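Accompanying notes for the structure given below.
The values are calculated or read from the model by the stated rules, or taken from the named source; none is laboratory data. Model, not experiment: these values are computed from the prediction. Every residue, glycine as well, gets a Cβ built from its backbone with ideal geometry; the counts of neighbours run over all protein chains shown. Remember, those area values only see protein heavy atoms, side chains included, never the ligands or the DNA or RNA. Shrake-Rupley method; radii C 1.70, N 1.55, O 1.52, S 1.80 Å.
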Amino acid sequence: MRVFVCTVVHHPEDARILHRQIRALLDAGHQITYMAPFRACNVTPWPEITPVDVPRATGRRRLHALRMARRVLRERGAEADLVLLHDPELLLAVPRRLRSRTVWDVHEDTAAALGAKGWLPAPMRIPLRFAVRRLERRAERRMKLLLAEEGYRTRFRRTHLVVPNTTNVPDVPPAPPGDERVVYVGQLSMARGAADLIELARILQSDGITLELIGAADAGVRPLLREAQRTGLLRWYGFVPNDRALRMAEGAIAGLALLHDSPNYRHSMPTKVVEYMARGLPVITTPNPIAAEIVTQGGCGLVVPFEDPAATAAAVRRLRDDAALRLEMGKRGHEAARARFHWPEQARLFVAQLEDWASARA
């Protein structure tokens, strides 16, 4: 099976796209052509794939990337058995003749997420929300869909396979949680708690606890993070490929997931929560329903109020001061992640579904 994987928004080494889905397809013996912004992100493609470089769509600078993507799809898409899209923007770039072989992997609640995009003028958000919903309904009629969350089912009329954003869980937990640092892994934005993290670092500085941030940042928060790093408040490493980022996180007091109470997050499972669990780290999370449920039921972390760095600092200190508690939470989290969130279980469903669609089309 030949699969043409496409993104102009995500980093080419995005965990779901590259490290999970493309890796699963390659391991199953399939051929991958990958259209992504390699040069814009300074990324060397894997030798097992056929790369196609395109510009990256960021903020209001999206039109050029979409035009290039449409040209590439028109010229190269017919060579593939399936086209796998990872950006809602690309729904506008798919030529009519490719729609029957196109799969849209729905990563987020796009309409709900518009409110968190600082580059988008406020008056445009409501009309764009309606336009996105119409685009989703049209895509469902013309293409095949995969969903990353159970909560996305209500947006669509038909039933679609859910491929959750789980992670590879080691057979045994790595290094036990220590008592010197806390970590955050993932994209940094205001809605994901970037300002709360900076204030948390300020509070913890007197305790001798280091905050490490591993991930790219939205344009609006980069100056704040650079200044915090310049003054020694925290360590910010920028984007690091997912497998390396999680190895860097091992041995911390806890992993942080400080999402705000945003509509886009209320029905989503923060992947970082299960990634921390997989690495034997206690989790400190805000009370987004799914994250709080996972942590509470698994007994593998602490839930703190939204936008409350002081309460988060108290949770960090509690784990720092109680070695037995953090070791037990780390152990429970690893066991729960291995039982419920091990990616190979989802990988088989994902690959089998794409194979079925390709066979039916043939």
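The table below lists the values:
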| read-out | value |
| --- | --- |
| Neighbours by Cβ (under 9 Å, 6+ apart or cross-chain): first from region 81-98, open to solvent by 30 Å² or more (accessible area, probe 1.4 Å); second small (G, A, S) and in a loop (DSSP other than H, G, I, E, B) | D81/A362; E89/A57 |
| Qualifying helices (runs of 4 or more DSSP H) (wholly inside region 23-114; at least 3 residues being farther than 18 Å from R137 by Cα) | 23-27, 63-76 |
| Counted residues, region 230-250 - those being in a loop (DSSP other than H, G, I, E, B) and not aliphatic (A, V, I, L, M) | 7 |
| Any hit, region 168-179, residues being under 30 Å from W357 (Cβ atoms), within 23 Å of the chain's Cα centre (by Cα), in contact (Cβ under 8 Å) with a residue 60 or more places away in the chain and in a loop (DSSP other than H, G, I, E, B) | yes |
| Meets criteria (in contact with a helix residue (DSSP H, G or I) (Cβ under 7 Å, 6 or more places away or on another chain) and surrounded by fewer than 16 Cβ atoms within 10 Å (Cβ to Cβ)) for D243 | yes |
| Flag for G193 being in contact with a His (Cβ under 7 Å, 6 or more places away or on another chain) and either within 28 Å of K331 (Cβ to Cβ) or crowded, with 17+ Cβ neighbours inside 10 Å (or both) | yes |
| Matching residues, region 185-229, being under 18 Å from A313 (Cα atoms), in a helix (DSSP H, G or I) and not acidic (D, E) | A194, A195, L197, I198, L200, A201, R202, I203, L204, Q205, S206, A228 |
| Tabulated pairs, region 139-162, first under 19 Å from P270 (Cβ atoms), second open to solvent by 20 Å² or more (accessible area, probe 1.4 Å) and part of a helix (DSSP H, G or I), C-beta under 6 angstrom, 6+ apart or interchain | V162/E150 |
| I214 hydrophobic (A, V, I, L, M, F, W, C) and surrounded by fewer than 21 Cβ atoms within 10 Å (Cβ to Cβ) | no |
| Subset tally (residues that are modelled with pLDDT under 90 and of a type in the set (V, I, T)) for region 80-120 | 1 |
